[in-house]
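Undergrad: There's a structure below that I have some questions on.
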Amino acid sequence: MMQRALAWRYAKPCVFVLGLLPLAYLWFALLHDGLGANPAEALLRGTGLWTLRMLCVLLLVTPLREAMGWVGLARFRRMLGLFVFFYAILHFLAYAWLDQSGQWQDILHDIPKRPFILVGLLALLLLLPLALTSFNAAIRWLGAARWRSLHRAVYLIALLAILHFFWMRAGKRNFDEVALYAAIIGVLLAWRLRRRFMRTAARPGTSP
Ligand code: HEM
């Protein structure tokens with residue numbers, strides 16, 4: 001049943017529309033005064049949270065595909081990766097335009113005061129080559145093995161995103177949400193490391 005749903009020819013357009021729903025929600029809330037007393041901060045935080053959520057969904061694809069045998073999930077990975085990048089860019093634009101009024105000098109002064117922003121920037125910079133090489137031509141150009149090792153950076157990006165979130169909330173000593181996302185990413189990372197360990201152990205002539 002799930003396999004049929006994943007192979008359905010409208011499945012991709014449906015995922016595309018679903019991926020745009022958070023943006024539609026934020027836009028709707030902005031137009032209808034639904035973002036509270038500080039809409040700029042709500043937009044900045046909302047886009048940050050949706051970048052992190054999209055990242056978690058992206059990291060879930062391979063474990064779900066392998067654990068449940070849903071091989072059709074693989075064809076959504078590229079779109080999900082591009083959604084992570086899309087929300088990260090919106091988050092960056094919300095910061096640069098709404099928080100810093102588009103003034104580069106202000107941004108340069110802000111970074112030493114709030115170093116968690118540098119961690120966010122690093123995560124965004126690492127996302128850039130992944131987004132640029134997510135197309136078939138780039139995969140052919142790089143070769144499958146090099147493409148795969150480049151795209152392993154997604155785990156480093158996830159760790160940086162958690163550090164960014166944790167550091168940002170540290171000033172307010174409010175860690176509940178951070179702990180939830182750190183646990184999700186921790187489990188997904190542990191799964192990946194375990195799989196790697198088992199593959200190495202299974203290779204003839206290697207010990208774990
Ligand atoms: C992969 C990249 C990124 C992820 C996953 C991410 C995620 C987040 C999350 C989850 C929050 C907290 C939202 C909340 O408290 O509800 C946040 C806050 C914030 N992020 Fe990012 N972020 C990323 C990149 C960036 C970049 C590139 C910048 C700016 C250059 C940035 C600037 C900020 C700022 C200023 C806040 C704090 C807003 C406040 O104080 O209210 N982030 N981010």
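Undergrad: Go through segment 175-207 and count every residue that is within 16 Å of the ligand (Cβ to nearest atom) and either acidic (Asp, Glu) or touching a residue at least 24 places away in the same chain (Cβ under 8 Å) (or both). So that I can check it myself, show each step before the final result.
TA: First, the residues of segment 175-207 that are within 16 Å of the ligand (Cβ to nearest atom): 175-186, 188-189.
Now narrow it down to the ones that are either acidic (Asp, Glu) or touching a residue at least 24 places away in the same chain (Cβ under 8 Å) (or both): 176-177, 181, 184-185, 188-189.
Number satisfying all stated conditions: 7.
Undergrad: So, Phe135, is that one under 25 Å from Phe92 (Cβ atoms), of a type in the set (Phe, Trp, Tyr) and more than 16 Å from the ligand (Cβ to nearest atom) or not? Talk me through it step by step, then tell me what you get.
TA: Working: under 25 Å from Phe92 (Cβ atoms): yes; of a type in the set (Phe, Trp, Tyr): yes; more than 16 Å from the ligand (Cβ to nearest atom): yes.
Criteria met by Phe135.
Undergrad: Continuing with the same structure: Using the structure shown, decide if Leu127 is in contact (Cβ under 8 Å) with a residue 40 or more places away in the chain and within 18 Å of Phe16 (Cα to Cα).
TA: Values: in contact (Cβ under 8 Å) with a residue 40 or more places away in the chain: yes; within 18 Å of Phe16 (Cα to Cα): no.
For Leu127, the condition - in contact (Cβ under 8 Å) with a residue 40 or more places away in the chain and within 18 Å of Phe16 (Cα to Cα) - is not met.
Undergrad: Somewhere in segment 83-96, is a residue exposed (fewer than 15 other Cβ atoms within 10 Å of the Cβ), among the hydrophobic types (A, V, I, L, M, F, W, C) and within 13 Å of the ligand (Cβ to nearest atom)? Spell out the reasoning first.
TA: Applying the first criterion (exposed (fewer than 15 other Cβ atoms within 10 Å of the Cβ)) to segment 83-96 yields 93.
If we keep only those that are among the hydrophobic types (A, V, I, L, M, F, W, C) as well, we get 93.
Those still in the list that are within 13 Å of the ligand (Cβ to nearest atom) too: 93.
Yes.
Undergrad: Looking at this structure, is Thr133 among the polar types (S, T, N, Q) and within 21 Å of Phe166 (Cα to Cα)?
TA: Here the answer is no, as Thr133 does not meet what is asked.
Undergrad: Residues of segment 164-174 being within 11 Å of the ligand (Cβ to nearest atom) and surrounded by 11 or more Cβ atoms within 10 Å (Cβ to Cβ), which ones? Break it down into steps so the answer makes sense when it comes.
TA: Kept after step one, since they are within 11 Å of the ligand (Cβ to nearest atom), are these residues of segment 164-174: 164-169, 171-172, 174.
Those that are within 11 Å of the ligand (Cβ to nearest atom) and surrounded by 11 or more Cβ atoms within 10 Å (Cβ to Cβ): His164, Phe165, Phe166, Trp167, Met168, Arg169.
Undergrad: Looking only at segment 185-202, count how many residues are farther than 11 Å from Pro63 by Cβ and either modelled with pLDDT of 95 or more or exposed (fewer than 10 other Cβ atoms within 10 Å of the Cβ) (or both). Don't jump to the end; show me each part of the working.
TA: Within segment 185-202, the first condition is being farther than 11 Å from Pro63 by Cβ, and the residues that meet it are 185-186, 193, 196-202.
Filter once more, so that each one left must be either modelled with pLDDT of 95 or more or exposed (fewer than 10 other Cβ atoms within 10 Å of the Cβ) (or both): 185-186, 202.
Total satisfying the criteria: 3.
Undergrad: Residues that are over 30 Å from Ile139 (Cβ atoms) and either aliphatic (A, V, I, L, M) or at pLDDT below 95 (or both): which helices (runs of 4 or more DSSP H) entirely in segment 33-123 hold 1 or more of them? Please lay out each step first, then the result.
TA: Numbers: elements: 39-68, 77-93, 104-113.
Answer list for segment 33-123: 39-68, 104-113.
The values are calculated or read from the model by the stated rules, or taken from the named source; none is laboratory data. Quantities reported herein were computed from a predicted structural model and do not represent experimental measurements. A quick note on method: Cβ atoms are made from the backbone with ideal geometry, for glycine too, and the neighbour counts reach across all protein chains shown.
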